[in-house]
Each structure stands twice: as structure tokens, then as C-alpha cells.
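Below is one structure; the comments refer to it alone.
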Amino acid sequence: MEFLRTTLLFLIFFVLLPYCASGKTIIRDTVWKGEITLTEDIVVPEGVTLTILSGTMVNIIPSDRTKNGAEYLSFMTEMTIRGRLVIDGTREAPVVFQVKNDKPDRWAGIIIDRGNAYIKACRIEDAETGLLIMNGSLELTDSIIENNRYGLIAQGPQAFVSMKKTQVANNDYGVFAFAGAKVNYKKNIIADNRKRDLYLIEADKVVVLKPDMVKPEIKDLIAGRYVSCNKPATGFMKEYKALEKEVTKVYNDEVLPGDTVWRGRIVVNGLIRVPEKVRLVIVPGTVIEFTKKDTNGDGIGENGLLMQGVLIAKGTRDNPIIFRSAGTARSMGDWDGINIMNSDGAQNLVEYCRIEDAYRGLHFHFSNVMVQGSVLSNNYRAIQFQESAVEMKGNYIFNNKSGVKGRDSEIVFTDNYVYNNINGVNFFRSSLSASNNKILGNMNEGFKIREGVTNADENFIGCGRYGMMVNDAFHGKFSGNVIVNNYESGLSLKGSDNIEVSENFIQGNGFNGINLQDSRALIKDNFILGNGERGIGVQSFTGIITENSIASNGLCAIENESAVDIFAPSNWWGGKDAGSVIYDKEDDPGRGRILYAPIKENQLPFTWPVKDIFADITWLGDIILKNSVNVSGVTLELSPATKISFLKGTGIKILSGKILATGKEDGRIVFTSEDKNKDDLWDEILLEHADGSEFSFCDFEYATWAIHSHFTNLKISNSRFLHNYGGLRFRSGPVEVRYSLFKENNVGIRSYFGNALVEGNVILNNEVGIFVREKGGGITIKNNNIYSNKAYNLRVGDFNTEDVDARENWWGVDDPAATIFDARREPGIGEVIYKPFFKEQLELRWRN
């Protein structure tokens, strides 16, 4: 009892009544009681508990501003929990969070970022998101979440939410869970939310509910594809172990007096300043380690570099430069960062460096900086800058709270991989050229642009909550981007003018492919198919939507929520009556019309814009490949009646993913050359460890090799291989080739160390029908018509010493041996076992 009394007195000592918090980190266990006013942000760090007692009123003064602090996750006023939050209200005296402002402003809400929250009898209002759980846990009991934009959102495989006796109502959206989050939502009231009550993305389905109360039986189940996203590897960066080098220099708080070269292993115990006109050169292989100094107890280290001169940190692929924490258990924020200030003369260079464990890995103002080929991970923010000239090329930015944030700068942003961060890329009031970036799997924002002038082309943006967000921009062109499989919207325009959105591939986004609000733009030549609700959602828009393919979206092609007419002529609507796939004045008299006449009768050809595919996608219609395409670790699916036209020398590589090209008898899939002649052959479809790949009812023509398969479980059926140098070549397998036609190729089928069944096919008029190069003992060839091939129906290679099983085929002649090259012609190689054989042409069960 005496211990409890002492503890209670200790807690009362820290009760703040009344209290005004303004942008602070709570550094010790704290109790709130009575009336609390939050004017800025609160962070509860790891190891600290904030307790809020019953009857407490938390009044928030909202702030909508651009914050520079890397520890914050929203531009609004937020309460971020990385430690522990205990809200101990009662039904009679709940804890209340509300906005105290005459304006209809919102605050960010309570963000649980790898922390834990135990909330009982609490009411949360007026937030962008009442409760946002990202890889943390929440126990929520006897609470009311209302009048927010989003009630509760859980994201990430380590997000766990248990709800009991809680009401989530009168928000725009109720309860969301995605990216592997686990939410126990049953036996709670989730009702009367204006747009959607419940949105869960589970392992194999999407659950969308709007019931009066969530019950054990799930209503309105909509089947959906699980969002799949492959993350690029960072194998080009060599792992470096500090133990391999002796410490060559130890620094405390000091100023470098002149040009300095660092090599070996450097330990920094303070803040190093490099003054104007001084150069710091760091040679390849150098390891710079920062000890942690935290004088204010906020959990963020203060040691680092302050560059006012010039930094030349030029590593190599094999010998990168490492900047990291000196701790044995390294943590995010152990040291401050590399700060480059007022260095706008000679360009600072950060090349082939690995920067980790910092508060801000790279931070520069009024400077000229190139960052190239570098890896930045496990930082609060990887890169932050303003009023600078910045080039970022070929960097890997992952597993940070925030990837890149820049403002008021001239930016070239090319060939970067930004993935697995909470926020990906955020540029404000800048002149930006962004091309060929891969922005994948960022938990919240993928690519956000606010104000400024932007040219963004051929970027791959996918598998986050939002894809690309463009707010208050006054000029920009967004062309040739792939924006796919984001949980909510693909591309959003808000408050923007003089925008062109053209030739983008927008598919598989959970809500809208494109969202338009208070914007003027040209929306042209885009491929907008297979989004969860709307192809295009319009809240308010002036401009024109024309010559797009808009089809197979969940609810409608375009919804006009405004009272103004929308001009949308000359689009393809999926072959359906346009009036049946739009939602406008004809459905709700209070809305404007969508003026869709005239319409395109046929789907418009689409030129595929990017070279690498990192998320599941589906091709439909006429697709033109101007460059070769790599599909890495995901599935490329082709719908029936799709036509792929290759420019000379281009092809498709499936690398540890798979391709599913399953056509129909009346909807064959065609792979062909753009010019359709043997002088301009396309390359091949290369399968490397692409198990589960399948081709059926496909036509292949004018290829170097139509299909080239290595170590792949592959099935081919009811397909035609015509006018290629080679039809099919494979190594290993297993491969099944059934009921297909190989005609007028130089080589129909070629096997090398093959494990295959070739059955029920017609193989004729090739130079060589089947060529078994080596190790032919694993291939079985039966029940085929193999005839009239110019040189040989079947040829065994000079290095094949195994017999080939080719019994029970029709060879078109009385003496099949005359059409076969094997040991009978060249002793020492394998023999083709062709007896017994059919003396009449087989009637096959194929449909070609």
C-alpha cells in the first residue's frame, strides 16, 4: 500500500492543469488531467508513458503548415505515440479530444507509430484520422470516434487493433485496415459513416461494408485482388563491417581548420563544422560512426556534420562510404545528420554512400548537391532540403519514417528507388523534373507535390495508401507514369491548374484511379482500367477528359459529384453504352452532366511507358512495347483478345515472377512485331524461375524466339507459333506443350537439359521441327503430327548422348528415320526411339 501511495503522489506531481503544449517531445512519464490545450505537436517517444485521466478535455488548436521536423508524420497538429499511451476515461467522465477553433479545421489525430495505446472511454473528434495505427497496437474500449474524415486506420503487418463496445460513426470513412494489419472489429457499432463504413484488405479478398452494425456475417463482400508489390534489391551495395578496420581518427566538437581527407574508420563524438572554403574529402571504403549524445532527453542524437564548405564523399559500388551510428544496437535517430548549409558554389557530391541511423541523413539549405548511387535507410528522414539545387540519381531510399522532403528548390529526381517508408516523396513549391523512379510500398503517401512546376514521366508508383498527390500546383505535365495497386487513390489533383495528365497507366487502385477536385486539366490518352470504385471521381473540375480508355472499374467509369457539366468526349468506355457506366445528372438531378459524345467504338492502342514492372498488373487491348520490359517477382496477366506489338529487338523478361496469358478460343492473345516482317523481329519472352507461367490460346509471330524458358514450371496449350526464328526453347522445366501449332519457323521447339511433355501438337514446315540439343532423356514426345519440316522433323544435337522418347507420333512418311537426325546418322549421339508410330495423321483435340 505504501508503494501505491508513493506512486500516486509521484504521478500527481506531473499532472499538468491547466496545460499548454507546443511542439514538444515528452521525455518522462507524464499524466494529463483537467483541460489541456495543444497548440502544436506532441511526441511520446519509446520508453515513455503518457497517461490521461478521466474527464480530461484535450482542446486542439489546428495548424496546417509545412513542418520540417523529421519526427512528425503529418503536416497537421498530431499526437504521435512511439512509447505508451494510456487513456483511462469512464462512461460518466470520458476523455475528449476536440478542435477548439471557430473555423472548421482538422487536426491530424492520434498516430500510433510502433507504440502501444490502451484507450478506454474516449471520444475523438475533428481529426483527419481519429486513430492511425502503423505497426503498433491499440486496445480500444467503450469509445466514440465521430466527426472525423477517417475514424480508424490500421496499416502494416505489425498493426494490431482490438475494439470492444466502440462506436465509429458520422465520419466520412469508418474503419480501414490494409497492408497486413489485423483488426478485431466485430461486435462494435460501425455505422452511418458518410462514404464507407468498413474497408479491409485481407490476404485474398477485399471486404467492403456499409451496414447498420458490423455482425459476424459479412455483407456485401466484393472479391478483389490482393495488392502485391515486389521491392527492388539493394545487392549492388556491399555490406561493410567496421571491425575490419582500426579506428584512424576520433573527433569531438571541433572545426576543421583546412582541407581534410578521411579514410579508414572515423569516430565522431560531437559536432564537426567544416567552414567556408574548406573541403572534406572522404575516400572509398571509409566508415564514419557517430556516438549518441542526447542532452535534452528527447531520444534524438545531436552529433553530426555541419558543412559550410564542400563535401566530396565519393565511394564506389564495391567500396561504399558508410555513415552510421557507433552504437552496438543501432537505432533510428542515434545521430543528427550530414548538414550542408550555404554551400551553393562548387557541387557537393555524395556518391555510393550508405547513410543510416540518423535523424536526417542528408539535410541541406542554400546548397548545390548531387546524391547518386547511395543507400539511405533506418533514418527518421532520409533526405531533407530547401532553397537548393539538387540532383538525385539512382539512389535506394527505404525503411525510413520519411523518404525525401524538399521545398523551394530546383530538383532533378531520376532513377531512384523509394520504398517501404511511411511517407515516400514530398516536394513543395519547387521546380521538379522526375523520371524513371520506382516509388513502392510507402505506407502513406507515395509521391506528393504541392505548388510549383512539375514534369513527371515514366515513374512507377504503387502499393501505398496514396499513389501520386498533386495539390495547389499551377503548372505541370504528368505523362507515361504507371500508377497501380494503391489502397485508396491512384492520382489526385486538388486545387491545381494548367495540368496535363497523359499516357499514364492507372489500374488496380482501391477507390479512384484519378480523383479531381477544384482543378483544371487536360486528361488525355490514359489507360484507366480495373480500379476499385471509379475510373475518375470528379468533385469539381474544369477542363477536358478525352481519348482515354476507361473501363472495368468497380462502380463506374466517371462519377460527377459537382453541379457543373464535365466535358468527356471521344473516350472508349469498354464497349458498353457510355450512359450505363457513368454517374451524373441522369442518376441524380442535383449533379451536372458528363458530356461524353462522341464515343470511341474501339479501345485506343496504349504504348507501355516503363521498363520495369514491380507490381501485379493486367494488360488489356492493344499494347505497344517500345522498349524491353522486366517483370520482377510479380504477375503480369494478359486478358483475352489482348494484342502485344513489339518494336524491333524488344521483349519481355519474367524474373522470378510469372506471366499468365490465358486467352479464349474467340479471344486469342497475340504477340507480334509492330512491322510484321522477318527483317524486324522482336526478341523473346524470357522466363527465369517463373513457375506457374501459362500460355493458352496465344499466337506468336515474327519473334527471334517466341518463348525462352529457364528453370520454369510452364504450360503451353492451344497456341500458334508462326514465322519466328524459333518458337519455343527451354532448359529444365517441367514444361508441358499441348495442342499447339509450330509452323514456318526456323526451329519449332528446342530442348536443352529438358524435362518436358510435348503432346497433341502439329509441327510442320519449319526448317527443324524439334531440336534436342543435349540431355534429351527427360523429354517425352507423343501423339503429335510432326511432318514436312524442311531439314529434319527431329534433330538430336552433337552433344546429346541420351536416347529421346518420341514414340506414337505421325511423321508424314512411311520411314520416319529418314526425317530424323540421330545416332543412325552420327554415331555416338543419342537415338530417337520413334517406334511404334502412327501411319495416318492424328485427329487432335486442339482448337487452333
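The values are calculated or read from the model by the stated rules, or taken from the named source; none is laboratory data. The model shown is predicted, which means the values in this text are computed figures rather than measured ones. Don't worry about glycine lacking a Cβ; one is built from the backbone with ideal geometry, like all the others, and counts go over all protein chains shown. These area figures cover heavy atoms from the full protein model, side chains too; ligands, DNA and RNA do not enter into them. Shrake-Rupley method; radii C 1.70, N 1.55, O 1.52, S 1.80 Å.
Restricting to segment 605-636, give me the number of residues that are more than 14 Å from GLY480 (Cα to Cα) and of a type in the set (Asp, Glu).
The number of residues fulfilling the criteria is 2.
Scan segment 563-572 residue by residue and report those that are open to solvent by 10 Å² or more (accessible area, probe 1.4 Å) and assigned to a loop (DSSP other than H, G, I, E, B).
Scanning segment 563-572 gives ALA563, VAL564, ASP565, PRO569, SER570.
For segment 584-593, check the following and say yes or no: at least one residue is outside any loop (DSSP other than H, G, I, E, B) and either open to solvent by 10 Å² or more (accessible area, probe 1.4 Å) or farther than 14 Å from PHE671 by Cβ (or both).
So far as segment 584-593 goes, no, none of its residues is outside any loop (DSSP other than H, G, I, E, B) and either open to solvent by 10 Å² or more (accessible area, probe 1.4 Å) or farther than 14 Å from PHE671 by Cβ (or both).
Looking at segment 829-839, can you tell me whether even one residue there is within 28 Å of CYS698 (Cβ to Cβ) and either among the β-branched types (Val, Ile, Thr) or touching a strand residue (DSSP E or B) at 6+ places or on another chain (Cβ under 8 Å) (or both)?
Scanning segment 829-839, I find at least one residue that is within 28 Å of CYS698 (Cβ to Cβ) and either among the β-branched types (Val, Ile, Thr) or touching a strand residue (DSSP E or B) at 6+ places or on another chain (Cβ under 8 Å) (or both), so the answer is yes.
So, in segment 480-506, of the ones that are of a type in the set (Gly, Ala, Ser) and assigned to a strand (DSSP E or B), which residue ends up surrounded by the fewest Cβ atoms within 10 Å (Cβ to Cβ)?
Per the stated criteria, the residue is SER502.
For segment 765-781, name all the residues that are open to solvent by 10 Å² or more (accessible area, probe 1.4 Å) and touching a residue at least 40 places away in the same chain (Cβ under 8 Å).
The answer is GLY777, GLY778.
Please specify each residue of segment 390-410 satisfying the condition of being more than 24 Å from GLY464 (Cα to Cα) and in contact with a Ser or Thr (Cβ under 7 Å, 6 or more places away or on another chain).
Matches in segment 390-410: VAL390, ASP408, SER409, GLU410.
Hey, could you check segment 183-200 for residues that are closer than 21 Å to LEU555 by Cβ and not in a strand (DSSP E or B) and say which is modelled with the lowest pLDDT?
Taking the candidates together, the pick is LYS195.
Return the residues of segment 683-713 that are touching a His at 6+ places or on another chain (Cβ under 9 Å), on the phi < 0 side of the Ramachandran plot and outside any strand (DSSP E or B); say none if nothing qualifies.
Within segment 683-713, ALA690, THR712 meet the criteria.
When you scan segment 659-682, do you find a residue that is of a type in the set (Asp, Glu), open to solvent by 20 Å² or more (accessible area, probe 1.4 Å) and outside any loop (DSSP other than H, G, I, E, B), even just one?
no
Go through segment 644-658 and count every residue that is buried (at least 19 other Cβ atoms within 10 Å of the Cβ) and free of Cβ contacts under 8 Å to residues at least 60 places away in the same chain.
9
Criterion first (in contact (Cβ under 8 Å) with a residue 12 or more places away in the chain and open to solvent by less than 40 Å² (accessible area, probe 1.4 Å)) does ILE820 satisfy it?
yes
Residue pairs, Cβ under 9 Å, 6 or more apart or interchain, first in segment 528-543 and at positive phi, second open to solvent by 40 Å² or more (accessible area, probe 1.4 Å). List them.
Partner pairs satisfying both residue conditions: GLY530/ARG225; GLY530/SER552; GLY530/GLY554; GLY530/LEU620; GLY543/ARG520; GLY543/LEU522; GLY543/PHE567.
Scan segment 310-348 for residues that are under 16 Å from VAL278 (Cβ atoms), in a strand (DSSP E or B) and open to solvent by less than 30 Å² (accessible area, probe 1.4 Å) and report the count.
Residues that pass the stated criteria total 7.
Restricting to segment 280-309, give me the number of residues that are assigned to a loop (DSSP other than H, G, I, E, B) and either acidic (Asp, Glu) or in contact (Cβ under 8 Å) with a residue 12 or more places away in the chain (or both).
18
Mind checking which strands (runs of 3 or more DSSP E) fall wholly inside segment 369-479 and carry at least 1 residues that are touching a His at 6+ places or on another chain (Cβ under 7 Å) and closer than 24 Å to LEU522 by Cα?
It comes to 453-457.
Tell me which of these ASN793 doesn't satisfy, since it passes every other one: (1) out of contact with any helix residue (DSSP H, G or I) (no Cβ under 8 Å at 6 or more places or on another chain); (2) farther than 24 Å from PHE711 by Cα; (3) among the polar types (S, T, N, Q).
(1)
Tally up the residues in segment 164-182 that are open to solvent by less than 60 Å² (accessible area, probe 1.4 Å), part of a strand (DSSP E or B) and either in contact with a Lys or Arg (Cβ under 7 Å, 6 or more places away or on another chain) or within 17 Å of ARG465 (Cα to Cα) (or both), please.
6
Between a first residue in segment 615-626 that is on the phi > 0 side of the Ramachandran plot and a second residue that is small (Gly, Ala, Ser), which pairs have beta carbons less than 9 Å apart while being 6 or more apart in sequence or on different chains?
GLY621/SER549; GLY621/ALA551; GLY621/SER639; GLY621/ALA641
Per-residue answers, yes or no, for (1) of a type in the set (S, T, N, Q); (2) under 24 Å from SER409 (Cβ atoms); (3) in contact with an Asp or Glu (Cβ under 6 Å, 6 or more places away or on another chain):
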site: GLY285; (1), (2), (3): no, no, no
site: PHE290; (1), (2), (3): no, no, no
site: THR295; (1), (2), (3): yes, no, no
site: ILE300; (1), (2), (3): no, no, no
site: LYS314; (1), (2), (3): no, yes, yes
site: SER325; (1), (2), (3): yes, no, yes
site: GLY345; (1), (2), (3): no, yes, no
site: ASP357; (1), (2), (3): no, no, yes
site: GLY361; (1), (2), (3): no, yes, no
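Consider segment 36-87. How many of its residues are touching a Cys at 6+ places or on another chain (Cβ under 9 Å) and over 14 Å from TRP107 (Cα atoms)?
Total satisfying the criteria: 3.
Name the residues in segment 427-450 that are crowded, with 22+ Cβ neighbours inside 10 Å, of a type in the set (S, T, N, Q) and more than 21 Å from ARG114 (Cα to Cα), would you?
Passing the criteria: SER430, ASN437.
Could you tell me whether any residue of segment 745-764 is open to solvent by 30 Å² or more (accessible area, probe 1.4 Å) and over 42 Å from the mean Cα position of the chain (by Cα)?
So far as segment 745-764 goes, no, none of its residues is open to solvent by 30 Å² or more (accessible area, probe 1.4 Å) and over 42 Å from the mean Cα position of the chain (by Cα).
Which ones in segment 786-799 are assigned to a loop (DSSP other than H, G, I, E, B) and buried (at least 24 other Cβ atoms within 10 Å of the Cβ)?
Selection gives ASN789 alone.
Working only within segment 579-619, note down all residues that are among the hydrophobic types (A, V, I, L, M, F, W, C), more than 17 Å from VAL631 (Cα to Cα) and in contact with a strand residue (DSSP E or B) (Cβ under 8 Å, 6 or more places away or on another chain).
Result: VAL581, ILE582, ILE594, LEU595, ILE599, LEU604, PHE606.
Please go through segment 565-577 and pick out each residue that is modelled with pLDDT under 95 and farther than 22 Å from GLU503 by Cβ.
Correct list: LYS576, ASP577.
Before we move on, is VAL274 loosely packed, with under 14 Cβ neighbours inside 10 Å, β-branched (Val, Ile, Thr) and modelled with pLDDT of 95 or more?
Spelling it out, it is not the case that VAL274 is loosely packed, with under 14 Cβ neighbours inside 10 Å, β-branched (Val, Ile, Thr) and modelled with pLDDT of 95 or more.
When segment 368-383 is examined, which residues are found to be touching a residue at least 40 places away in the same chain (Cβ under 8 Å) and over 14 Å from TYR417 (Cα atoms)?
ASN378, ASN379, TYR380, ARG381
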